[in-house]
Each structure stands twice: as structure tokens, then as C-alpha cells.
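The structure appears below as C-alpha cells.
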Amino acid sequence: MRQAESFKLILQRAEARKGGPAALRALLSEPRTTAELSALPDNLLLAELTKKIFQSGFVWRVVRQKWPGFCEVFFDFDIEKMLLLSDEMLEQKAQDPRIIRNLSKVFTIRDNALMIYHLQREHGSFANFIANWPASDIVGLWAYLKKHGARLGGNTGPYALRAIGKDTFLLTQDIEAYLKAYGVFDGSSSSKKSLQQIQQQFNQWQQESGLSLQQISQTIALSIGENYAGMQQ
């Protein structure tokens, strides 16, 4: 089993594959700042959680096409209004043709609104809670969402955080395979031990590079697989 590479080597390989430093940099995106995250309305965050839950195991394009209908049916994901919905009302909404009719996923909207409500009382807003969680323990935030939220385990929580703008790496198939091949973790990538090992490695790369976890994750993805310069992403 190989040892983890320095980030310098990963960066050089990604630059060579994508056509140089400037070309690579143009492909990397910045997460939101703490202040920008804190300013987001909580209904927007609930909407992003919900979108990723419905996209999980489904065609993302269809969810995007139907999203205006979701916003209409669920009052733009207003937290208080979501908490007032009874089981019977949610069952009715789950039959609305404007949305993707999946009852179990519809029920997660109220469940996650309740999680957000409790965090609002403690932190002022869900956005504040997310914004101030340290990126150096982003896997801890993944675990929190999985435990206290509904259907936010696996990659759903991390993808939702990325969509919100929270700095996070992603464990895509390619990145997970890369990390395992270089001995960053062993066993299941979902185990607490493995996630801590992965977090530790990303923290080390961040100290070395000065980049965000998001940019490091993207750079790794662009340094492996079939994504050479000139290929469609």
C-alpha cells in the first residue's frame, strides 16, 4: 500500500492534466465565508437539504426541473409552516403532481425543519450553526446531520453542505478509491475511524496548500480519472 502523496504532487498532476495552473484554478470553486453562510436564511438551507434528499438515488435533472413546484407546495420551505403540517397534510402534499411523489422523503422536510428549529433556539439560526462548525472537523458535522436529521447520512449530508456553500470535501467514488489506494484509511470509508483518518489527511493537505477543503477535494478529483484538458466535465 502506498503512502499518501504530498499535495504539491497532486496539484502538479492536476495542472498537467488540465492545461496548466491558470486552467486548473478556473475549475476550482470557493466555499462561502463564515459571514456569508451566517447571513443565509434558514428556509434556503432546508430547501437545499430537501433537494439533495430527493436527488439521492434519483435523476438530478428531474429534481431540478420540478424544483419550482416543490417551492410552491412547501411554502418556500418556511420553517414554522413546515412544523405546522400534520401527517395527513404531508400525505396530501406527497400526491401533488408538481413534486416528485415520494411520501417517506416528503416526511423528512418536517423532520429536518424540527432539527433546524431546535438549532435556531440554541444558535440563533441554523445558518449560524453550520457557519461556525470548524472545517477541521467537517466529518463531525456530517455525523451530526446523520444523527439528528432525516435521511442525511451517506453522501447526502456532505453534498447538501457543498450546495449551501459550507467548506467540505466529498467522498466521491474516485476520491474514495484514491484515498484507499494511498493508505489514507482502511476498511469502510463510512466508519468513524476511517472518517477521522480522512479528515486528518485533508487537514494536513490544507496546512500544506492553504486551499479550502473544497478546492483540495476538487483538485484530487481533477488529478485522477478521465478528465484531461479539453474533455467535457
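On C-alpha positions alone, give me the angle between the axis of helix 60-73 and the longest principal axis of the chain, in degrees, nearest 10. Taking the Cα atoms of the chain, the angle to 60-73 is about 30 degrees. Exceedance of the 18 Å cut-off in Cα-Cα distance is limited, within the set LYS146/LYS166; LYS51/LYS166; LYS166/LYS192; LYS51/LYS192, to LYS166/LYS192; LYS51/LYS192.
Here semi-axes √(5λ) of the Cα gyration tensor in Å was computed from the coordinates, and among (i) 31, 22, 19; (ii) 34, 19, 17; (iii) 23, 23, 17 the match is (ii). Using a probe radius of 1.4 angstrom, the carbon and sulfur fraction of the accessible surface of the chain is 50%. So what is the accessible area of region 68-196 per residue, in Å², with the probe set to 1.4 Å? Spelled out: the 1.4 Å probe surface of region 68-196, per residue, equals 48 Å².
Against the chain, whose longest principal axis is taken from its Cα atoms, helix 7-18 shows a tilt of about 80°. What you get for the chain, charging only the Cβ of Lys and Arg (+1) and of Asp and Glu (-1), is a dipole of about 520 debye around the Cα centre. Working from Cα pairs under 8 Å separated by at least six residues, relative contact order for region 35-164 is 35 percent. Relative to the longest principal axis of the Cα atoms of the chain, the long axis of helix 42-55 lies at roughly 70 degrees.
The values are calculated or read from the model by the stated rules, or taken from the named source; none is laboratory data. A quick note: this is a predicted structure, and the numbers were derived from the prediction, not measured. When we count neighbours, we look across all protein chains shown, and the Cβ atoms used for this are built from the backbone with ideal geometry, even at glycine. Quick note on the areas: whole protein, heavy atoms, side chains included, nothing else; ligands and nucleic acids left out. Shrake-Rupley method; radii C 1.70, N 1.55, O 1.52, S 1.80 Å.
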